[in-house]
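Enquirer: Pasting in a structure now, in C-alpha cells, and then I'll have a few things to ask.
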Amino acid sequence: MSAPVRVLLVDDQHLVRTGFRVILEVEDDIEVVGEAADGQRAVSMATALRPDVVLMDVEMPVLDGLEATRRITADATPGGPAVLILTTFDRDDYLFAALRAGASGFLLKNGTPEDLIDAVRVVARGEGLIAPALTRRVISTFARPGAAPPDPRHDAATADLTPREREVLELVARGASNAEIADVLHVGEATVKTHVSRVLAKLGLRDRVQAVVFAYEHGVVRPGE
C-alpha cells in the first residue's frame, strides 16, 4: 500500500481547520500532519514537515495565503509541497494571483466534502485542479480581446517539444484528462503520463494548471479553436 497523502491545513479559523481535518482523516490514504493559523507559520511548517499538499486559505493575519504560496512554491525541490487554495471568496483577482503564485489548485469553500477529498488526491498526483466554473473563467479571460494576445514567441518557447508533446500540451490546455488524451491519440495512459511529465520538465512548469496558463499565454492554443 502506498504512503498516505500528507496534508498541512492552513486557515485562521480553528473551527474550519477542525472541519477539514475531520473530512480528510476519515480517508485511509490521507493524513493531516499539521495545522497553521497564518501564512508565515504555514511557510515554516511546510519547510519542516514537507507535506505533499498544503491546503491554503487566502485572507489570514501576519502573511496572506497568496504570499505564503509564493514562498512555498519558490522551493523548486522535486517532490516539494503542492498548494491547493481553498477560499470563501469567489474573486478573479485571487484566482489569477494564486495561479501566478504557483498554486496547483483552486477551490471554493462552498463545495462538498467529496470535492475537497478528490482535489487533495488530484493535486497530490501532480495533476493540478481548478473548479470547473473557475476553469471556464480562466479561459474566458484569455479569450477577451486584448486580455492575453498570442505571444509571437510561442514557437521558440516550445521549440524543444516534439510534435507529439506539443499535441499533448494542446489537449491538456483544453482540459482533457489523461484518459481522454489517450483516447484521442490512441495510446496508453502510461504513455500520456510520460509525455505530460516531459512537457512540464522541458517548459519548466510545475503541473497541468501551469501548463494551461502557459499554453494560452503563449498562443499555443486559443479559445474556440
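Enquirer: Kindly check whether there is at least one residue in region 157-177 that is among the β-branched types (Val, Ile, Thr), open to solvent by less than 30 Å² (accessible area, probe 1.4 Å) and at pLDDT 80 or above. If you could, list the steps in order and put the result at the bottom.
Expert: Narrowing region 157-177 to residues among the β-branched types (Val, Ile, Thr): 158, 162, 168, 172.
From what's left, open to solvent by less than 30 Å² (accessible area, probe 1.4 Å): 158, 168, 172.
Among the residues that remain, those that are also at pLDDT 80 or above are: 168, 172.
Yes - at least one qualifying residue is present in region 157-177.
Enquirer: Also, I was wondering about something else. Quick check, is ARG71 among the basic types (Lys, Arg) and within 21 Å of LEU205 (Cβ to Cβ)? Walk me through it before giving the result.
Expert: Values: among the basic types (Lys, Arg): yes; within 21 Å of LEU205 (Cβ to Cβ): yes.
When the stated conditions are applied, ARG71 passes them.
Enquirer: I'd like the full set of residues that are closer than 16 Å to ARG41 by Cβ and without any contact (Cβ under 8 Å) to a residue 60 or more places away in the chain, limited to region 1-10. Don't jump to the end; show me each part of the working.
Expert: First, the residues of region 1-10 that are closer than 16 Å to ARG41 by Cβ: 7-10.
LEU9, VAL10, listed by residue number.
Enquirer: If we keep just the residues of region 183-225 that are aliphatic (A, V, I, L, M), open to solvent by 60 Å² or more (accessible area, probe 1.4 Å) and out of contact with any helix residue (DSSP H, G or I) (no Cβ under 7 Å at 6 or more places or on another chain), which is modelled with the highest pLDDT?
Expert: Here the residue is ALA190.
Enquirer: Identify, please: which residue in region 48-68 is open to solvent by 30 Å² or more (accessible area, probe 1.4 Å), touching a residue at least 12 places away in the same chain (Cβ under 8 Å) and out of contact with any strand residue (DSSP E or B) (no Cβ under 6 Å at 6 or more places or on another chain) and is, among those, nearest to VAL123 (Cα to Cα)?
Expert: ARG50
Enquirer: Moving to a separate point now. Looking at region 14-29, which of its residues are touching a residue at least 12 places away in the same chain (Cβ under 8 Å) and of a type outside the set (Phe, Trp, Tyr)? Even if it seems obvious, please write down each step before you answer.
Expert: Of the residues in region 14-29, the ones touching a residue at least 12 places away in the same chain (Cβ under 8 Å) are 14, 16-17, 20-21, 23-24, 27-29.
Selection gives HIS14, VAL16, ARG17, ARG21, ILE23, LEU24, GLU27, ASP28, ASP29.
Enquirer: Tell me, yes or no, whether region 119-132 has at least one residue that is at pLDDT 85 or above, part of a loop (DSSP other than H, G, I, E, B) and farther than 24 Å from GLU31 by Cβ.
Expert: Looking for residues that are at pLDDT 85 or above, part of a loop (DSSP other than H, G, I, E, B) and farther than 24 Å from GLU31 by Cβ, one finds none in region 119-132, hence no.
Enquirer: Keeping to region 176-219, report how many residues are among the hydrophobic types (A, V, I, L, M, F, W, C), within 18 Å of the chain's Cα centre (by Cα) and part of a loop (DSSP other than H, G, I, E, B).
Expert: First pass over region 176-219, keeping only residues among the hydrophobic types (A, V, I, L, M, F, W, C): 176, 179, 181-182, 184-185, 187, 190, 192, 196, 199-201, 203, 205, 209, 211-215.
Checking which are within 18 Å of the chain's Cα centre (by Cα) leaves us with 176, 196, 199-201, 203, 205, 209, 211-215.
Now restrict to residues that are part of a loop (DSSP other than H, G, I, E, B): 176, 205.
Result for region 176-219: 2.
The values are calculated or read from the model by the stated rules, or taken from the named source; none is laboratory data. Nothing here was measured: the structure is a model prediction, and the numbers come from that model. Cβ coordinates were reconstructed from backbone atoms using ideal geometry, including for glycine residues, and neighbour counts include every protein chain displayed. SASA here: full protein model, heavy atoms, side chains in, ligands and nucleic acids out. Shrake-Rupley method; radii C 1.70, N 1.55, O 1.52, S 1.80 Å.
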